[in-house]
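Input: a single structure, listed below in structure tokens.
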Amino acid sequence: MSDHQTGPAHRTGPAGRPARLVAVVGTGTEVGKTWVTREAAAGLVAAGRSGGAGVAVRKPAQSFDADRSGAPLEPTDADLLAEATGEDRLAVCPAHRWYPLPMAPPMAADALGRPPIAVADLLDELQWAPGTELGLVETAGGVRSPLAHDADGATFARLLRPDLTVLVADAGLGTINAVRLSLAALAPLDVIVVLNRYDPGDDLHVRNRDWLVERDGYRVVTEPRQLDL
């Protein structure tokens, strides 16, 4: 996979791009990308940004823990995101991109004997209703985690050419290193950082935020509702 592949702005789906397109990526697994995406989308819908097609969320591919029949053991990311916008979960993530094995999607595809995943296909499969005002696209794992056989999350995001990229990070120990490495991988995209699970009463959390803002000059928020989408 190329670290610097950008390519032309990709016209997602048959109806093209939403009026505004936002990518949601993470510094790693389990940092809260789905929670942040869901909260941001639900907040916009509740605030009335739901006229016409309104707010839509997409998950290009997802993997999950499943029982022997392949059924998810708990609600998947697509289920949770669909609840936030009122969409069908298969509109959020197409059925053939559900991988019932908890590992990176291309690794899960290999283990399950599924066809290889091409980043061009993931981009082409993003479909938006005409008039969609805001489209949120959530990746899987960290920015350098494989999302396709030929692309990681950062490469996917650059090919998507979003208007804004939201980087979700944990607020605790190690976040400065994780944020710096992730932002380097995402360059030259316009990125805002969400320090998830931020506790203003935790001295380390406060110091991490202050360091990223005051010393590194990054844009940082600590709650999804603070995002200007």
*asked:* Net charge within 12 Å of LEU80 by Cβ-Cβ distance, Lys/Arg positive one each and Asp/Glu negative one each, not counting LEU80 itself?
replied: -3
_Mean accessible surface per residue for the chain, computed with a 1.4 Å probe while every protein chain stays in place, in Å²_ = 46 Å²
*Considering only the other residues whose Cβ falls under 11 Å of the Cβ of LEU189, what net charge follows from Lys and Arg at +1 and Asp and Glu at -1?*
0
*Which whole-number percentage describes the relative contact order of the chain, with Cα contacts under 8 Å and a sequence gap of 6 or more?*
29 percent
*Most fluctuating residue of GLY48, GLY135, GLY32 in a GNM of the chain with Cα springs under 10 Å: which is it?*
GLY48
*ASP150's amide H: which non-local residues (gap 5+, or another chain) put their own amide H closer than 5 Å, with H modeled 1.01 Å from N in plane and none for Pro or chain starts?*
VAL119
*Select from segment 50-124 those trypsin sites (Lys or Arg not before Pro) which occupy a DSSP coil region and have at most 14 other Cβ atoms within 10 Å, ordered by residue number.*
ARG68
_Carbon plus sulfur fraction of accessible area for segment 124-190, probe 1.4 Å, in percent_ = 55 percent
*With unit charges on the beta carbon (Lys/Arg positive, Asp/Glu negative), name the residue among ALA66, ALA118, GLY54 whose Cα is farthest towards the positive pole of the charge dipole of segment 50-133.*
ALA118
*Taking the Cα-to-Cβ direction at GLN226 and at ARG114 and moving 7 Å from each Cα, how far apart do the two end points lie in nm?*
3.6 nm
*May I ask for the net charge around PRO60, where only other residues with Cβ less than 13 Å from the Cβ of PRO60 are counted and Lys, Arg are +1 while Asp, Glu are -1?*
-2
*For every helix of n ≥ 4 consecutive DSSP H residues, a contribution of -39,500 (n - 2.57) applies; sum these over the chain, divide by its total residues, and give [θ] at 222 nm rounded to the nearest 500 deg cm²/dmol.*
-8500 deg cm²/dmol
_Give me the three principal axis extents of segment 58-181 from the C-alpha atoms, as integers in angstrom, largest value leading._
41, 37, 27
*asked:* Please compute the length gained on full extension between ALA184 and ARG68, using 0.36 nm multiplied by the number of residues separating them and subtracting their Cα-Cα distance.
replied: 37.7 nm
*Counting Lys and Arg as +1 and Asp and Glu as -1, each charge on the Cβ, what is the dipole of segment 26-132 about the Cα centre in debye, to the nearest 20?*
180 debye
*Let me know the whole percent of all Cα-Cα pairs from segment 132-229 that are separated by more than 18 Å.*
47 percent
*Between THR29 and ARG197, what length in nm is gained on full extension when 0.36 nm per residue of separation is reduced by their alpha carbon distance?*
59.1 nm
*³J(HN,Hα) across segment 173-189 via Karplus (A = 6.51, B = -1.76, C = 1.60, θ = phi - 60°), whole Hz, x for Gly/Pro?*
4, x, 6, 4, 4, 5, 5, 4, 5, 5, 5, 5, 5, 8, 3, x, 5
*Interchain or long-range residues, amide H under 5 Å from THR29's placed H*: GLY142
*Treat every Asp and Glu Cβ in segment 155-229 as -1 and every Lys and Arg Cβ as +1, leave all other atoms uncharged, and give the resulting dipole magnitude about the Cα centre to the nearest 20 debye.*
280 debye
*Hey, got the dipole for the chain? About the Cα centre, +1 on K and R Cβ, -1 on D and E Cβ, debye to the nearest 20?*
460 debye
*the chain: percent of C-alpha pairs farther apart than 25 Å?*
37 percent
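The values are calculated or read from the model by the stated rules, or taken from the named source; none is laboratory data. Keep in mind it's a predicted model, so treat the numbers as computed, not measured. Reconstructed Cβ throughout: ideal geometry from the backbone, glycine too, with neighbour counts over all protein chains shown. Ligands, DNA and RNA are stripped out before the accessible areas are found, and what is left, the full protein with its side chains, is counted by its heavy atoms. Shrake-Rupley method; radii C 1.70, N 1.55, O 1.52, S 1.80 Å.
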